[in-house]
Amino acid sequence: MTAFRTLLVILLIAVVIYTIPVVINEGLSPLLPTFFGDILAMTWPGQFNFDFLGFLILSATWTAWRNQFSAPGLGLALVALFGGIPFLTTYLLYLSYQAKGDIRVMLLGEGRS
């Protein structure tokens, strides 16, 4: 679990460090038009974005499912859909400590493990 938690922290820090200058230089307003524009252009950047969108949808679906599609779970799923790695790494870190390192509880939730 220590190695997994370390990986989560490294990913979180790396993405945040990468994102800061991008937001400073590009701003947030072109994010969605660029993301979906690349997908519609049927180019390699679009293929990568479409593949990434699949991961975001899976992350959001798992988050909602783990929380039994409750109102808070659906709210978290929305954050997962738009939050990407910063959300997922933070959420998995939180769950890993909440579950005291029990991977079954962490991934399935208390009632399903």
Completion exercise
Filtering region 44-90 for residues that are within 23 Å of Glu110 (Cα to Cα) and in contact (Cβ under 8 Å) with a residue 60 or more places away in the chain leaves a count of 2
Exercise for the section: Considering every residue within region 63-79, establish whether at least one is under 12 Å from the mean Cα position of the chain (by Cα), within 24 Å of Ala3 (Cα to Cα) and hydrophobic (A, V, I, L, M, F, W, C). Expected result: no
Problem - Pair list, Cβ under 6 Å, 6 or more apart: region 101-113 residue over 18 Å from Leu88 (Cα atoms), other residue surrounded by 12 or more Cβ atoms within 10 Å (Cβ to Cβ) and modelled with pLDDT of 95 or more - result: Ser113/Val105
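The values are calculated or read from the model by the stated rules, or taken from the named source; none is laboratory data. Since the structure is predicted, the reported quantities are computational estimates derived from the model, not experimental observations. Quick reminder, even Gly has a Cβ in these numbers, built from the backbone with ideal geometry, and neighbours come from all protein chains shown.
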